[in-house]
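**Student:** One structure, pasted below without further comment.
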Amino acid sequence: MDPEDVEQLAAEMRGKTVNGWELLQIATGTGLAAYVVWAGILMPRFRRVPLKLQVPYIPASAKQLENVMVLLEGRSGKMVDLGSGDGRIVLEAYRRGFRPAVGYELNPWLLWLSSFRAWKAGCYGKVSYRREDLWKVDLSDCANVTVFLAPSVLQLLEGKLLAELPDEARVVAGRFPLPSWTPTSTAGDGLNRAWAYDLKAVRQAQQDNPEGSSV
């Protein structure tokens, strides 16, 4: 479907009431359908959020998800996805042995979709999706953090990650890199690229070059 068709479908949905069955049909559809829900129903409410903190929901592609998992390969422990969207990254992390696997998301529609996906995969109650503000979440016990966020948010997030994560933690960013950090490794290219950052190396770089520090 062309972008113009998506926008037309979104426009048609704006004036309609979506009942539970229709929402279920949308939720079990493609990532494109989820985008339509976002553009047509959720975006008007989303505009109330300060501009620099707005993060539109665009589901990770299969290749983006795989690249994130490549950068987490060989690791274990707690995994957290900040702004977890439809929950697919948390679900895949659980399948690959991360315990616990937790997603933080403020949008109740996406939390519902995440829970549905977990139930469909037989993982309901095994993964956790929480409606909490990522800025208020304590990350001090997290070994692995994933983020698919907008550049303006990533710049602000660097300080929180540096202040709270332990040295052994790894942060993996998809779509956009953390602006002030040098990645330990990358996977993929173009829109599918993901960047991995080891906190011990990031802190060492900050000490070596204080002027480039994000805190």
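**Student:** Only one residue in Glu73, Glu12 is modelled with pLDDT of 50 or more, open to solvent by 50 Å² or more (accessible area, probe 1.4 Å) and among the acidic types (Asp, Glu), so which one is that?
**Tutor:** Working: Glu12 fails: modelled with pLDDT of 50 or more.
Exactly one residue qualifies, and that residue is Glu73.
**Student:** Further question on the same structure: Tell me yes or no: at least one residue of segment 196-211 is among the hydrophobic types (A, V, I, L, M, F, W, C) and under 20 Å from Val90 (Cα atoms).
**Tutor:** Of segment 196-211, the ones among the hydrophobic types (A, V, I, L, M, F, W, C) are 196, 199, 201-202, 205.
Still in the list and also under 20 Å from Val90 (Cα atoms): 196.
Yes, segment 196-211 has at least one match.
**Student:** So which of Gly188, Gly159, Gly174 ends up being within 17 Å of the chain's Cα centre (by Cα) and of a type in the set (Gly, Ala, Ser)? If you could, list the steps in order and put the result at the bottom.
**Tutor:** Values: Gly188 fails: within 17 Å of the chain's Cα centre (by Cα); Gly159 fails: within 17 Å of the chain's Cα centre (by Cα).
Testing whether each residue is within 17 Å of the chain's Cα centre (by Cα) and of a type in the set (Gly, Ala, Ser) leaves just Gly174.
**Student:** With (1) over 17 Å from Val90 (Cα atoms); (2) free of Cβ contacts under 8 Å to residues at least 24 places away in the same chain as the list, and Tyr124 as the residue in question, which single condition is left unmet?
**Tutor:** Single failed check for Tyr124: (1).
**Student:** Moving to a separate point now. Take the residues in segment 77-98 that are assigned to a loop (DSSP other than H, G, I, E, B) and more than 23 Å from Lys160 (Cβ to Cβ); name whichever of them is most open to solvent (accessible area, probe 1.4 Å). Working first, answer last.
**Tutor:** First, the residues of segment 77-98 that are assigned to a loop (DSSP other than H, G, I, E, B): 77-78, 83-87, 96-98.
Next, only the ones that are more than 23 Å from Lys160 (Cβ to Cβ) stay: 86, 96-97.
Working: Asp86: 6, Arg96: 110, Gly97: 41 Å².
Per the stated criteria, the residue is Arg96.
**Student:** May I ask you to list pairs of residues, at least six apart or on different chains, whose Cβ atoms are under 8 Å apart, with the first in segment 138-158 being touching a residue at least 40 places away in the same chain (Cβ under 8 Å) and under 25 Å from Glu73 (Cα atoms) and the second being in a loop (DSSP other than H, G, I, E, B) and of a type in the set (Asp, Glu)?
**Tutor:** Ala143/Glu168
The values are calculated or read from the model by the stated rules, or taken from the named source; none is laboratory data. No experiment lies behind these values; they were computed from the predicted model shown. Please note: Cβ atoms are built from the backbone with ideal geometry, for glycine as well, and neighbour counts cover all protein chains shown. SASA here: full protein model, heavy atoms, side chains in, ligands and nucleic acids out. Shrake-Rupley method; radii C 1.70, N 1.55, O 1.52, S 1.80 Å.
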